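The structure appears right after this line, and notes come after that.
The values are calculated or read from the model by the stated rules, or taken from the named source; none is laboratory data. Since we're looking at a predicted model, the values are computed, not measured. Cβ placement follows ideal geometry from the backbone for every residue including glycine, while neighbour counts extend to all protein chains displayed.
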Amino acid sequence: MTSRQHLPLQRRPSRPLPKGYVLLEIIIALTVFSISVAGLAAVLHASLDAANLLHRQAAIRRGLDAILSEARAKPRREDMPLSSRDDSLGVEFRTEIEAVQWSNRDGLPVKGLYLLRATATDPRASRPLHDSAQLYVYRP
C-alpha cells in the first residue's frame, strides 16, 4: 500500500499585529513625497529664471549688434554716435566713437581708425546692466 502521509502544517502561534503603524507609515510617505515635490518645484523655478535671463541677455546682445551695424553703415564719422531705446526690454542702446592713435610699421600714424563702442544700460533694473560691444572702423 503506497499511500502518502500528509503531515499537518505547523502553524506559528498567532500574535496580535500592532495597530497604528499604518497611519504612521502613510504620514512618513506623504512627508517624503511633499519634500521631493517642493524640491522639484524649486528646481523648475530656478531653471525658468535662468532661461529667462539667458533669453534677455541674448536679446540685448542682438540689440548691441544691430546698433553697431547701423552706426558702422553711416557714411560720415560724425553720424556714427546713435541712441535708441528698446521698450520691450527697457534697455537704452548708445554708440560712441573715439579716434585710435596707432602707428604702422614705419612709425607713421594711421589716420581714420576709430573705435566704435555700443553700450546697453537698463536704468530701471535692480542690478545695473552695463553690457557693451566694440569694433574698429577704418574710414580713411
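Taking the criterion of being among the basic types (Lys, Arg) and modelled with pLDDT under 90, the residues of the range 106-140 that qualify are 111, 124, 127, 139.
With the requirement that a residue be small (Gly, Ala, Ser) and in contact (Cβ under 8 Å) with a residue 40 or more places away in the chain, what does the range 123-140 give you?
Of the range 123-140, the ones small (Gly, Ala, Ser) are 125-126, 132-133.
Once the filter is applied, which keeps residues that are small (Gly, Ala, Ser) and in contact (Cβ under 8 Å) with a residue 40 or more places away in the chain, the range 123-140 yields 132, 133.
Restricted to the range 86-95, and to residues there that are at negative phi and surrounded by 13 or more Cβ atoms within 10 Å (Cβ to Cβ), the residue that is farthest from the chain's Cα centre (by Cα) is 95.
Restricting attention to the range 18-74, the residues that are under 30 Å from residue 97 (Cα atoms) and in a helix (DSSP H, G or I) add up to 20.
For the condition loosely packed, with under 10 Cβ neighbours inside 10 Å, touching a residue at least 24 places away in the same chain (Cβ under 8 Å) and not aliphatic (A, V, I, L, M), residue 105 does not qualify.
Being over 22 Å from residue 138 (Cα atoms) and among the aliphatic types (A, V, I, L, M) holds for only one residue in 67, 60, 97, and it is 60. Applying the set (1) within 29 Å of the chain's Cα centre (by Cα); (2) loosely packed, with under 14 Cβ neighbours inside 10 Å to residue 133 leaves exactly one unmet item: (2).
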